[in-house]
Amino acid sequence: MDEITTLADWLKTSQQIVAFTGAGVSTESNIPDFRSAGGVYEHIQEKYGREPEVLLSHRFFMQNPKTFFEYLREYLVFPDAEPNDAHRAFAALEREGKLSAVVTQNIDGLHSRAGSKTVYELHGSVYRSYCMSCGKQYNLESVLEASDVPRCICGGIIRPDVVLYGEGLDSEIVTGAVRAIEQADLLIVAGTSLAVYPAAGLIDYFQGKHLVLLNKSETPHDRRADLCIHAAAGVTLRAALEKAQIKIDA
Ligand code: ZN
């Protein structure tokens, strides 16, 4: 039996699917993954004299907010990006009552835009912002429209609701993600090599039937999986849903 048929069979027979996604599912929406995309990492390093991880750290943000927001506007916000077949497939599986949650490391908001309802955004979302002084919430536009560091009407700095390097994850979101993974019968890990904390740790909570890895390249966790498909996740998922006769488009 070929791999797509196997995945299609598991989609049909599973009731509590959880998707765990990373940057690789958004590259099909033309959002570059700076860890693997050729040249982007080096380009950023050259332009700012620092690694992307440093630019996205809590320490750097506090010390150089102006540069932080320049970087954010240029490299982390993609207003024209649209959900792709990977996002659409998970939204469709949820509509069918087969998928209980999407857990994502991405901050691009594309799972929600595709129609997914239960989404645990481990690293937050660049579409939400809040004032560091009074907590007032703002949207992305207020960050994009500011010419310098965006300021609240109270004078405080408006920051994106994303988890920077050196900051802890939201414990409620982690708890929700762990609970969903613990109860899943099929876990589909897509577009992540699971190299970044806490991704690999969360996968350890899975005790269901089938672990599937959809990633363009090999990952250190391939051996643990019941099925690995090394291709673009969106292409794989569309083929599998069609074979399982699950409508992918809303
Ligand atoms: Zn404020």
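For segment 113-147, filtering for residues that are over 30 Å from Asp249 (Cβ atoms) and within 16 Å of the ligand (Cβ to nearest atom) leaves 13.
Candidates are the residues of segment 153-169 that are within 9 Å of the ligand (Cβ to nearest atom) and on the phi < 0 side of the Ramachandran plot; the one that is nearest to the chain's Cα centre (by Cα) is Ile158. The residues on offer are Ile188, Ile153, Ile173, and the sole one that is outside the structural domain of Phe68 (by TED's automatic domain parsing), farther than 16 Å from Asn106 by Cβ and aliphatic (A, V, I, L, M) is Ile153.
Only residues that are exposed (fewer than 13 other Cβ atoms within 10 Å of the Cβ), modelled with pLDDT under 95 and in a strand (DSSP E or B) were counted in segment 121-149, giving 1. The single condition among (1) among the basic types (Lys, Arg); (2) closer than 21 Å to Leu76 by Cα; (3) more than 16 Å from the ligand (Cβ to nearest atom) that Arg179 does not meet is (2). Looking only at residues in segment 192-250 that are within 14 Å of Ala86 (Cβ to Cβ) and of a type in the set (S, T, N, Q), the one that is farthest from the chain's Cα centre (by Cα) is Thr236.
The values are calculated or read from the model by the stated rules, or taken from the named source; none is laboratory data. Just so you know, these numbers come straight off a predicted model, no measurement behind them. Cβ atoms come from the backbone with ideal geometry, glycine included; neighbour counts cover every protein chain shown.
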